[in-house]
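Only one structure is covered here, and it is reproduced in the block below.
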Amino acid sequence: GIKCGGVLSAPSGNFSSPNFPGLYPYETECTWLIVVAEGSSVLLSFSHFDLEYHDACAYDYLQVYNGAAQDRGNLLGTFCGHSPPPPFSSAWHVMAVVFHSDRHVAKHGFAAAYRKDACGGQLTGLSGEITSPRYPESYPNDAECRWRVGGASSGPLTLVFTDFQMEGSQGCSFDYVALFDGPTAAAPHLGRYCGSSRPPRIVSSAPHLLILFKSDFNIGGRGFKAHFYSTGECQEVFTAIKGNFSSPQYPNFYPNNLKCQWSIQLPPGFRIKVFFLDMELEGRSSLTGSCDYDHLAAFDGGIENGSLVGQWCGQDSLAPVTSRSNQLLLVLHTDRNTAKRGFSLSYVGVVPMNVSCTRTDFHIQIPVRSLAQLERSRIYLGNPSCAAQVVGGNFKIHTRFDTCGTESQKRNNTAVIVSTLYLDFSVGDQEDIHQYELQCEPKRKEASVTLIAGPDPARLNQVENLLDAQQQEQEVTVSHDIKSQDSSDIVFISICILAGLLMVIAVVGLVLL
């Protein structure tokens, strides 16, 4: 029978738990939806706070959401006990506050105040967007805005300006944006910017950043638009031959309103094969059937306007994908509601190679530029004594089936020759050896190659056949050269012809006798 909660739409106001400052009632749940003018943000603060304490706030608690939807991705925090929550600033013009009490132990509750903020505020997400007041219209005169960014992670922050147009002046003494390497203006100064030239990419040394915008009494401009992200959990560059990463907070629900980027950059000649170990994002749009909401996209070439390799959402079981260059960019977009578990993936640099066989030999060619960091002794078939030779621009291995650890096996009732190609990327005491299984069917002279050890093979479930994709990409088109070297076939045919001639001579001799 307790009435509480509701919609708060005034520019500012106060609200509190039922019966405050008396004890709040048992088994109560209240939701306040704070809505201010669009284009503004909500500033929320607490003057009193006293709820039943629990380590995980499982009994009585207060939750603050960044938006209208009570979705885990919008959750800014869950609080209980005697320590008041910190001040909050919403990412847009809506904020929700939920109070819950169970059937035991009542306390005095809380008192909170909110107000509309035309600009500035505390931004605690892993990523977000910041614009000057009224952007892209001209910003107002005599404005001062402060955005304090950080608190979501312990890593540094990166700030990127995508648009910038302000009044210019010598020393930026009129209208300007000033950046500080910390939460206050007492922190080290990172720069002051004005005019129409975009500021450079800014990376903080701490997990906090202060952005100060000021305008004077006349002459304005379009203002600015920028986005920030937490370096590490939401923005990483990978240069190792293999690796893995996951969405922020995985396997817990990822935050809403994210744009995270992971860039994989390998040496020239490599291709990048990505294995999806787990995937649960918001599903496809029921109207368009497309990934219009939360989605993960991959771009070839390492830039967002590069060729789209794929775009995924929902929780489909995904097949591995391979880039067509040595750089791949993966971008995660999440919207303002409906968060899920996210994703986990691994990748491995795939070496483009040409493998063929005859009835007696294996022929292997790998472009030197693909493995420029390796000595030829680190590329071998079966054992280190069968190392590659450098011929022209390729590493080459040409070996007979009775050497280099090859063995005969029967697979699917077919006799095959099997060996293992090793690429040793080990550094110091850290072993890192990639293994490719080579298989030849001598009767048909057909070869195949499969990756059997790379990014933790136990997690890949099955070996992935790489030969078809590599040959389609035509990284090495020298198979005709190798075929011309099939000396065993030439010898076999010559023996057959010679035997036939001897038989004819013998028959003619018998007739003459």
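Hey, can you tell me all the residues within the range 178-209 that are out of contact with any Leu (no Cβ under 6 Å at 6 or more places or on another chain) and under 22 Å from Pro136 (Cα atoms)?
Arg192, Tyr193, Cys194, Gly195, Ser196, Ser197, Arg198, Pro199, Pro200, Arg201
Of all residues in the range 243-262 being over 13 Å from the mean Cα position of the chain (by Cα) and buried (at least 18 other Cβ atoms within 10 Å of the Cβ), which is nearest to Ala143 (Cα to Cα)?
Ranking the candidates gives Asn257 first.
Considering every residue within the range 219-226, establish whether at least one is under 23 Å from Gly150 (Cβ atoms) and among the aliphatic types (A, V, I, L, M).
Going through the range 219-226, the residues under 23 Å from Gly150 (Cβ atoms) turn out to be 223-226.
Now drop any that are not among the aliphatic types (A, V, I, L, M), which leaves 226.
Taking every residue of the range 219-226 in turn, at least one turns out to be under 23 Å from Gly150 (Cβ atoms) and among the aliphatic types (A, V, I, L, M).
Scan the range 23-34 and report the pairs whose first residue is among the acidic types (Asp, Glu) and whose second residue is open to solvent by 10 Å² or more (accessible area, probe 1.4 Å), with Cβ atoms within less than 8 Å and a gap of 6+ or a chain change.
If the second residue must be open to solvent by 10 Å² or more (accessible area, probe 1.4 Å), the pairs left are Glu27/Asp102; Glu27/Arg103; Glu29/His100.
So which residues in the range 333-360 are touching a strand residue (DSSP E or B) at 6+ places or on another chain (Cβ under 8 Å), over 16 Å from Gly314 (Cα atoms) and part of a loop (DSSP other than H, G, I, E, B)?
If the condition is that a residue be touching a strand residue (DSSP E or B) at 6+ places or on another chain (Cβ under 8 Å), over 16 Å from Gly314 (Cα atoms) and part of a loop (DSSP other than H, G, I, E, B), then Val351, Pro352, Met353, Thr360 are the ones that fit.
Give the range 339-398 a look and list any residue that's farther than 27 Å from Ala415 by Cβ and surrounded by fewer than 16 Cβ atoms within 10 Å (Cβ to Cβ), or say none.
If the condition is that a residue be farther than 27 Å from Ala415 by Cβ and surrounded by fewer than 16 Cβ atoms within 10 Å (Cβ to Cβ), then Arg369, Ala372, Gln373, Glu375, Arg376, Ser377, Pro384, Gln389, Val390, Val391, Gly392, Gly393 are the ones that fit.
Within the range 51-145, which strands (runs of 3 or more DSSP E) (wholly inside it) include 1 or more residues that are farther than 20 Å from Arg336 by Cα and among the hydroxyl-bearing types (Ser, Thr, Tyr)?
Because the criterion is at least 1 residues that are farther than 20 Å from Arg336 by Cα and among the hydroxyl-bearing types (Ser, Thr, Tyr), the strands (runs of 3 or more DSSP E) in the range 51-145 that meet it are 61-65, 94-101, 109-117.
Is it true that Gln439 is farther than 13 Å from Ser356 by Cα, open to solvent by 30 Å² or more (accessible area, probe 1.4 Å) and not in a loop (DSSP other than H, G, I, E, B)?
Answer is no for this residue.
Working only within the range 59-93, note down all residues that are open to solvent by less than 20 Å² (accessible area, probe 1.4 Å) and touching a residue at least 60 places away in the same chain (Cβ under 8 Å).
Gly67, Gly73, Asn74
For the list (1) in contact with a Gly (Cβ under 9 Å, 6 or more places away or on another chain); (2) of a type outside the set (Lys, Arg); (3) at pLDDT 90 or above; (4) closer than 17 Å to Cys30 by Cα, I need the number of the one condition that Asn66 fails.
(3)
With (1) in contact with a Lys or Arg (Cβ under 8 Å, 6 or more places away or on another chain); (2) of a type in the set (S, T, N, Q); (3) open to solvent by less than 30 Å² (accessible area, probe 1.4 Å); (4) without any contact (Cβ under 8 Å) to a residue 60 or more places away in the chain as the list, and Ser204 as the residue in question, which single condition is left unmet?
For Ser204, the failing item is (1).
Mind checking whether some residue in the range 261-279 is of a type in the set (A, V, I, L, M, F, W, C), touching a helix residue (DSSP H, G or I) at 6+ places or on another chain (Cβ under 7 Å) and at pLDDT below 90?
yes
The values are calculated or read from the model by the stated rules, or taken from the named source; none is laboratory data. It should be emphasised that the depicted structure is a prediction, and the values quoted were computed from it without experimental measurement. Here the Cβ is made from the backbone with ideal geometry for all residues, glycine too, and neighbour counts use every protein chain on show. Note: areas computed on protein heavy atoms with side chains; ligands, DNA, RNA excluded. Shrake-Rupley method; radii C 1.70, N 1.55, O 1.52, S 1.80 Å.
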